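Values quoted throughout were computed directly from the atomic coordinates according to the rules given, and no laboratory measurement underlies them. This structure is a prediction, so every number in the text was calculated from the model and none was measured. Glycine also receives a Cβ, built like all others from the backbone with ideal geometry; neighbour counts cover every protein chain displayed.
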Amino acid sequence: MRWIATFRILLVCLLGLTANASAADALWIDVRSPAEYAAGHLSLAINLPVADIVNRITAVEPDPNRPIKLYCAKGGRAQQAKLALEAEGYRDVTNEGGYADLVGGGQQ
């Protein structure tokens with residue numbers, strides 16, 4: 001399995017491809033408050049409140065090419081976080097909207 005990671009790094013270096021280009025490899029971030037996150041969140045999501053996202057993102061995900069999917073309660077804070085991450089050089093950031101809509105749409 002280690003050779004797969006090495007191969008991905010080689011592709012990134014030689015071809016300029018992202019190592020984690022598929023949606024399955026996306027990092028899901030809940031930008032709501034810790035209390036909102038504790039009340040319910042997507043199973044694969046981590047919590048980085050919008051106010052902290054710029055200061056903490058490189059410790060969580062140093063690769064600016066990895067797909068990042070953001071959500072909050074309705075989409076407003078996720079949009080703020082998206083713009084902040086893009087200003088920091090993150091290239092593949094999407095605002096997935098609100099938690100209730102995601103869960104209602106089948107996201108876990």
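Among Leu83, Leu102, which comes first, then next, by fewest other beta-carbon atoms within 10 Å?
On the way: Leu83 12, Leu102 19.
Sorted ascending by nearby Cβ count, the order is Leu83, Leu102.
Compute, for the range 20-104, the length of the dipole vector about the Cα centre, with Cβ point charges of +1 (Lys, Arg) and -1 (Asp, Glu) only. Units Debye, rounded to 20. Please report the intermediate quantities before stating the final value.
Working: 8 positive and 11 negative charges, 30 e Å.
About 140 debye.
When only DSSP loop residues count, what trypsin sites (Lys or Arg not before Pro) in the range 31-78 have their Cβ near at most 15 other Cβ atoms within 10 Å? Provide the component values of the computation, followed by the final result.
Numbers: sites: Arg32, Arg56, Lys69, Lys74, Arg77; in loops: Arg32, Lys74.
Answer in residue order: Lys74.
Evaluate the distance, in nm, between pseudo-label points positioned 7 Å from the Cα of Asn55 and of Gln79 along their respective Cα→Cβ axes.
2.6
Under 8 Å for C-alpha pairs, at least 6 residues apart: give me the relative contact order for the range 20-104, rounded to a whole percent. Write down the numbers at each step before the final one.
Values: 147 pairs, mean separation 27.1, N = 85.
Relative CO of the range 20-104 lands at 32 percent.
Give the order of Ile68, Ile53, Ile46, Ile29 when sorted by the count of other beta carbons within 10 angstrom, beginning with the fewest.
Working: Ile68 25, Ile53 22, Ile46 14, Ile29 28.
Starting with the residue having the fewest Cβ neighbours, the order is Ile46, Ile53, Ile68, Ile29.
Scaled to the compact-protein estimate 2.2 N^0.38 Å, what is the alpha-carbon radius of gyration of the range 20-104, rounded to two decimal places? Spell out each step's value before the answer.
Values: Rg = 11.6 Å, N = 85, 2.2 N^0.38 = 11.9 Å.
So the range 20-104 has a normalised radius of gyration of 0.97.
Could you list Val60, Val31, Val93 so that the one with the fewest beta carbons within 10 Å of its beta carbon is first and the one with the most is last? If you can, show how the numbers build up before the last one.
Values: Val60 12, Val31 28, Val93 22.
If I rank by nearby Cβ atoms, fewest first, I get Val60, Val93, Val31.
For the range 25-108, which GluC sites (Glu not before Pro) pass both filters: DSSP loop (anything but H, G, I, E, B) and at most 16 other C-beta atoms within 10 Å? Write out the running numbers ahead of the final one.
Working: sites: Glu36, Glu86, Glu88, Glu96; in loops: Glu88.
In loop regions of the range 25-108 (DSSP not H, G, I, E or B), the sparsely surrounded GluC sites (Glu not before Pro) are Glu88.
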